[in-house]
Amino acid sequence: MTTNKSKELFERAQRSIPGGVNSPVRAFRSVGGTPLFMERAKGAYMYDADGNQYIDYINSWGPMILGHAYEPVVKAIQAKAMLSTSFGAPTELEIEMAELIKSMAPNVDMVRMVSSGTEACMSALRLARGYTGRNKFIKFEGCYHGHADAFLVKAGSGVATFNIQTVPGVTAGVSMDTLTAPYNDLASVEKLVTENKGEIAAIIIEPVAGNMGCIIPQAGYLEGLRAICDREGIVFIFDEVMTGFRLAAGGAQERLGINADLVTYGKVIGGGLPVGAFGGKKEIMQHISPLGNVYQAGTLSGNPIAMIAGYTMLKTLKDNPGIYKELDDKTETLHKGLKGVLSSGDVPHVINRLGSMISVHFSDKPVTDFAAAAAADNARFNRFFHSMLDQGVYLPPSAYETWFISTALSASDIEQTVAAAEKALRA
Ligand code: HOZ
């Protein structure tokens, strides 16, 4: 496999784009080597600038639930683009999108569209603060809620991948109000709540964490957080940027049976276009401007092209609930295959999976929080990643990310992936 064109493009990119990429994780810095520049993708496969084909386990970090270039989405975008790509004025489609989200997601009485998951989380936090009149909030080590200042404390994803302890540019004043606790540790949340009685506006969590590899909430954990929020008048925010419409039509709330007060969405609801949204209970949402004074705005919010792409994908998911079983079955087959190979190779490993989110940590202990993810043999992951890539399997280029499965993945793709993993173990 030659990747000369990607190498040339990376050289060129670095002259005009910081680090040659527009989002840090994709630079391959932690796994080493040159990032591959993609040209096109269809179904389960991506094709790089040199024409190499890869089985894709990133799926644009989640949104490609139905595979790349899903035809109804592409056609809907084409038709809509003929009617203008942006108005900066309301459209009927935005109402239809809001109604569709409400009909699928529990506890969403009202929803506001934005343009990214970062914006959604930033706005939901502001709303929780405005609603409660409190400043502090709790987030969890290794969870990533986008790159707004307040969230860049002990964050996952690229912040963990590059081991950035303190993000320059984020002021101490801002970080002071961000309290952190280890994932899956209810006692430490109780301690923070006691120490900051009446001061905590929100607890925000990835209900299934996807930014330190995949980490599953332990039995009773989310229920315990819900009870703390009810008792203390704290707004419980589910960051469903990855889990929303992926784990079930109603996201993690439905799949795990936990109610959130506010929910944030991102890339998934744009079917691959730049979108986000936050929604929740009317009592809280009515504080958003222009109904209330918690200000939040955006010219491209509710953009018609993004709306039609997201609407078409979500409607497909709503009308075909069998998709979720298909995703689960495919991911389970992959899980079993990887388990077989890794166990026979006698390599300490943990495979965490829920629904169509899965990841491998090379660890000899259960991986239930960020400390355990960081203690894993991530140098081995990097070797594993490169061997898989050389064999045409595109995994996330970091041990601190989740793999996402699409319906386009076939049985033979899974077989090929498992065979590649067997070889990769020897790398
Ligand atoms: N933060 C994203 C995944 N958790 C990575 C985004 C990207 O590099 O495209």
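The values are calculated or read from the model by the stated rules, or taken from the named source; none is laboratory data. The shown structure was predicted, so the numbers you read here are calculated from the model rather than taken from an experiment. Note that each Cβ is placed from the backbone with ideal geometry, even for glycine, and that neighbours are counted across all protein chains shown. Surface areas here come from the heavy atoms of the whole protein model, side chains and all, with no ligands, DNA or RNA. Shrake-Rupley method; radii C 1.70, N 1.55, O 1.52, S 1.80 Å.
Before moving on, here are some points about what is shown:
- Filter pass, Ile288 being of a type in the set (A, V, I, L, M) and over 20 Å from Ala148 (Cα atoms): no
- Screening the candidates Phe385, Phe370 for the property of being within 16 Å of the ligand (Cβ to nearest atom), open to solvent by less than 10 Å² (accessible area, probe 1.4 Å) and either modelled with pLDDT of 95 or more or more than 22 Å from the chain's Cα centre (by Cα) (or both) yields one hit, Phe385.
- Taking the criterion of being buried (at least 20 other Cβ atoms within 10 Å of the Cβ), away from the ligand (no atom under 16 Å from the Cβ) and under 25 Å from Pro396 (Cα atoms), the residues of the stretch 68-81 that qualify are Tyr70, Val73.
Listed here are the residues, each with its yes/no results for (1) in contact (Cβ under 8 Å) with a residue 60 or more places away in the chain; (2) within 16 Å of the ligand (Cβ to nearest atom); (3) in contact with a Pro (Cβ under 9 Å, 6 or more places away or on another chain); (4) of a type in the set (S, T, N, Q).
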| residue | (1), (2), (3), (4) |
| --- | --- |
| Thr132 | yes, no, no, yes |
| Phe137 | yes, no, no, no |
| Gly146 | yes, yes, no, no |
| Thr161 | yes, yes, yes, yes |
| Gln165 | no, no, no, yes |
| Gly169 | no, no, no, no |
| Met176 | no, no, no, no |
| Ser188 | no, no, yes, yes |
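- Among the conditions (1) closer than 30 Å to Thr331 by Cβ; (2) within 13 Å of the ligand (Cβ to nearest atom); (3) open to solvent by 20 Å² or more (accessible area, probe 1.4 Å), the only one that Leu152 does not satisfy is (1).
- Residue within the stretch 13-26 that is within 20 Å of the chain's Cα centre (by Cα), assigned to a loop (DSSP other than H, G, I, E, B) and without any contact (Cβ under 8 Å) to a residue 12 or more places away in the chain present: yes
- Strands (runs of 3 or more DSSP E) wholly inside the stretch 165-261 containing at least 1 residues that are surrounded by 24 or more Cβ atoms within 10 Å (Cβ to Cβ) and within 15 Å of the chain's Cα centre (by Cα): 200-205, 235-239
- Any hit, the stretch 393-405, residues being within 20 Å of Asn184 (Cα to Cα), open to solvent by less than 40 Å² (accessible area, probe 1.4 Å) and of a type in the set (Gly, Ala, Ser): yes
- Ile305 more than 29 Å from Val108 (Cα to Cα) and touching a Ser or Thr at 6+ places or on another chain (Cβ under 8 Å): no
- The test for being in contact with a Lys or Arg (Cβ under 8 Å, 6 or more places away or on another chain) and either farther than 18 Å from Ser23 by Cβ or away from the ligand (no atom under 16 Å from the Cβ) (or both) does not hold for Asn184.
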